[in-house]
Amino acid sequence: MAGMEHPDRIFLRDHVLSAEIGAFQSERGHDQRLRFNLTVDLRDTVAGSDDHVDLILSYDVLTQAVATALADQRYNLVETLAERIAAEVLAHPRAACIHVTVEKLDLVPGALGVSITRHQGRVPASGAATRVAILVHGPGAPAPQGAVVVLPGDAPPRSDGPHARR
């Protein structure tokens, strides 16, 4: 957003999906409607995109952030879901700031929810903590459990040199 007093924005409004969410026992075991509103301040103006989709932040990033967050886990709190969506979008280099609103539509007449604003560089990075097994292929080698790192190549692993495989 270098020098942009009024940044260009893209948005997703009134995006309604159903998901199981909620901390209370009465909310467990059935889906409820959620409404998502996202507004993203862009790092750079869209004026230089010359009408090329590859040079802008695509709307797909917004809808996929919502879908990814919902697929990631079951949430007790809409606040946690909103944080996850914000982190997903801010991982994109063209996003500078995001405003996320998540509303529950089925609990009361009207809506209950949360709105958050997050800026790129101020949201802690989150990564998957996954156990990884390294399999050196050989006759009779057991199949590992969990994630596997595959190293291509025909040469057997070497135990000498600065890049020795373990």
Name the single residue that is least open to solvent (accessible area, probe 1.4 Å) among those in the range 45-62 being in a loop (DSSP other than H, G, I, E, B) and modelled with pLDDT under 85.
56
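So if I check each of 9, 13, which one is open to solvent by 90 Å² or more (accessible area, probe 1.4 Å), within 17 Å of residue 120 (Cα to Cα) and in contact with a strand residue (DSSP E or B) (Cβ under 7 Å, 6 or more places away or on another chain)? Before you say what the answer is, go through the steps one by one.
Working: 13 fails: within 17 Å of residue 120 (Cα to Cα).
Exactly one of 9, 13 is open to solvent by 90 Å² or more (accessible area, probe 1.4 Å), within 17 Å of residue 120 (Cα to Cα) and in contact with a strand residue (DSSP E or B) (Cβ under 7 Å, 6 or more places away or on another chain), namely 9.
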As an exercise: evaluate residue 12 against (1) free of Cβ contacts under 8 Å to residues at least 24 places away in the same chain; (2) closer than 26 Å to residue 113 by Cα and give the number of the one condition it does not meet.
(1)
Exactly one condition in (1) free of Cβ contacts under 8 Å to residues at least 40 places away in the same chain; (2) under 30 Å from residue 110 (Cβ atoms); (3) open to solvent by less than 60 Å² (accessible area, probe 1.4 Å); (4) of a type outside the set (A, V, I, L, M) is false for residue 39; which is it?
(1)
Determine, yes or no, whether residue 98 is of a type outside the set (Phe, Trp, Tyr), in a strand (DSSP E or B), in contact with a Leu (Cβ under 9 Å, 6 or more places away or on another chain) and at pLDDT below 95.
no
If you check every pair at least six apart or on different chains, which have Cβ atoms under 8 Å apart with a residue in the range 90-119 that is touching a residue at least 60 places away in the same chain (Cβ under 8 Å) first and a residue that is among the basic types (Lys, Arg) and open to solvent by less than 60 Å² (accessible area, probe 1.4 Å) second?
111/104; 113/104
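So, of the residues in the range 24-34 that are over 13 Å from residue 70 (Cβ atoms) and surrounded by 10 or more Cβ atoms within 10 Å (Cβ to Cβ), which turns out to be modelled with the lowest pLDDT? Before the answer, list the steps.
Of all residues in the range 24-34, those over 13 Å from residue 70 (Cβ atoms) come to 24-30.
Add one more test, that the residue is surrounded by 10 or more Cβ atoms within 10 Å (Cβ to Cβ), and what stays is 27-28, 30.
Details: 27: 86, 28: 90, 30: 90.
Step by step, filter the range 24-34, then rank; the result is 27.
With 66, 40 as the choices, which residue is within 20 Å of residue 97 (Cα to Cα), among the hydrophobic types (A, V, I, L, M, F, W, C) and not in a helix (DSSP H, G or I)?
Numbers: 66 fails: not in a helix (DSSP H, G or I).
After applying the criteria, what remains is 40.
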If the Cβ limit is 6 Å and pairs must be 6+ apart or interchain, which residue in the range 63-87 that is open to solvent by less than 80 Å² (accessible area, probe 1.4 Å) pairs with which residue that is outside any helix (DSSP H, G or I) and among the basic types (Lys, Arg)?
86/118
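The values are calculated or read from the model by the stated rules, or taken from the named source; none is laboratory data. Quick caveat: nothing in here was measured; it's all calculated off a predicted structure. Note that each Cβ is placed from the backbone with ideal geometry, even for glycine, and that neighbours are counted across all protein chains shown. Only protein heavy atoms, including side chains, enter the accessible area calculation; ligands, DNA and RNA are left aside. Shrake-Rupley method; radii C 1.70, N 1.55, O 1.52, S 1.80 Å.
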